[in-house]
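The values are calculated or read from the model by the stated rules, or taken from the named source; none is laboratory data. From a predicted model like this one, the values you see are computed outputs, not experimental measurements. Here Cβ is always computed from backbone atoms with ideal geometry, including for glycine, and neighbour counts include all displayed protein chains. Note: areas computed on protein heavy atoms with side chains; ligands, DNA, RNA excluded. Shrake-Rupley method; radii C 1.70, N 1.55, O 1.52, S 1.80 Å.
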Amino acid sequence: MNPKKGPSRRIVLHITEEVLEEDLNQLKQKALDLGASMAEIIPASWIDVDERVILKCRVPLCPYFGRSPHCPPNNPHPDFMRQAFGKYTWAILFALDVIPVAEFSNRVVQQKAGVEWTKRNMEITGTLESTAFGFGYYLAMGFSQFNCHVALCEGKPCQVLQGNKCAYPLKARPSMEGVGIDVFRLVTKAGWEIYPIYRSVDPAVVPRAMSVGIVFVC
């Protein structure tokens, strides 16, 4: 098989535990091979959708609020997301260690560097999703970080919101926070260290920064 091409497995109604375990481990390893610093197979039941996460997009108001179809208030209602996520059993959670930390903790540096980290995150998310799809998990779905409007369209007006086609339909992904996922809680459940980063934080006191993504597999 051409290594640049993906698999296409026959769709079946029931997957054995052995096959599922092997597939999940392959997806976890693929995340690491693609550049993730860490990756874990997690129960989908670990995901908490909290209205307060989406409210944080409004209070204080995010400068990107409403500027893409993947950001509030254009995202699905939290109850819809809870029901959707509730139908999954397993997911791959991954993170990129942002090095140097200042590329997330220093606002001047972050504005440019953050775009590149988001692009890397979206690339891993999309590749894992398409690989899982090829394995036969046709409802696999990935969520990334930050804002596609900034990372992919460089802040230009969103084509979708203007009634046109998305310029990056296979790359753009909703952020985990944008659909209400409590990322801080989830990452802590996974046993990873995560710290609050905010506009006036002292970059010198932030020991770690990370870019987190998730792909729901089945």
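Things to note:
- Whole-percent carbon and sulfur share, accessible surface of region 99-218, 1.4 Å: 57 percent
- Tensor-based shape of region 88-164 (alpha-carbon gyration tensor, a/c under 1.5 rounded, otherwise prolate or oblate): oblate
- Per residue accessible area of region 130-206, 1.4 Å probe, in Å²: 55 Å²
- Cut-off under 5 Å, modelled amide H: who pairs with residue 210 long-range: 98
- Under 21 Å from the Cα of residue 165 - lysines, other chains or at least 8 residues apart: 119, 156
- For region 68-206, the fraction of alpha-carbon pairs in successive 10 Å shells from zero, as %: 10, 36, 39, 14, 1
- Residue 154 sits among other residues whose Cβ lies under 15 Å from its own Cβ, and their net charge, with Lys and Arg +1 and Asp and Glu -1, is +4.
- Using alpha-carbon coordinates, inclination of helix 17-33 to the longest axis of the chain, degrees: 40 degrees
- Within region 104-218: Cβ-based charge dipole about Cα centre, in debye rounded to nearest 20 (Lys, Arg +1; Asp, Glu -1): 180 debye
- Rounded, prolate or oblate (a/c below 1.5 giving rounded, otherwise prolate when a/b exceeds b/c) for region 1-138 by Cα gyration tensor: oblate
- Taken about its Cα centre, region 87-170 carries a charge dipole of about 220 debye when Lys and Arg each add +1 at the Cβ and Asp and Glu each add -1 at the Cβ.
- Farthest towards the positive end of the charge dipole of the chain, among the residues 72, 88, 195, is the Cα of 72, using unit charges on the Cβ of Lys, Arg, Asp and Glu.
- Total charge dipole magnitude, the chain, about the Cα centre, Cβ charges on Lys, Arg, Asp, Glu only, Debye to nearest 20: 780 debye
- Along region 198-206 the Karplus relation, 6.51 cos²θ - 1.76 cosθ + 1.60 evaluated at θ = phi - 60°, assigns HN-Hα couplings of 9, 4, 9, 5, 7, x, 5, 9, 8 Hz to successive residues, with x for each Gly and Pro.
- Where labels lie 7 Å past Cα in the beta-carbon direction, separation of residue 41 and residue 205 in nm: 4.1 nm
- Spin-label pair residue 51/residue 20, simplified geometry with 7 Å Cα→Cβ offset, distance in nm: 3.3 nm
- In Hz, Karplus ³J(HN,Hα) per residue of region 178-193 (6.51, -1.76, 1.60; θ = phi - 60°; x = Gly, Pro): x, 9, x, 6, 7, 5, 4, 5, 5, 5, 5, 4, 6, x, 9, 7
- Under the shape rule built on the C-alpha gyration tensor, where the axes satisfy a ≥ b ≥ c, region 65-122 is oblate, since a/c reaches at least 1.5 while a/b does not exceed b/c.
- Set of aspartates and glutamates near residue 56 by C-alpha distance (under 12 Å), chain-local residues within fewer than 8 positions excluded: 177, 182
- The aspartates and glutamates within cross-link reach of residue 30, meaning a Cα-to-Cα straight distance under 16 Å and a gap of 8 or more places when in the same chain, are 21, 22, 40, 123, 129.
- Residue among 164, 207, 131 farthest towards the positive dipole end of the chain, charges placed on Cβ: 164
- Accessible surface of residue 188 - all protein chains present, 1.4 Å probe, nearest 10 Å²: 90 Å²
- Sequence-ordered 3J(HN,Hα) estimates for region 114-131 from the Karplus curve with 6.51, -1.76 and 1.60 and θ = phi - 60° stand at x, 4, 5, 5, 5, 4, 5, 4, 5, 5, 5, 4, x, 5, 4, 4, 5, 5 Hz, glycine and proline given as x.
- With Cα atoms as the point set, the radius of gyration and Dmax of region 162-212 evaluate to 15.4, 44 Å.
- Put simply, the amide H of residue 91, placed in the peptide plane, has neighbours under 5 Å in 42, 44, 217, leaving out anything fewer than 5 places away on its chain.
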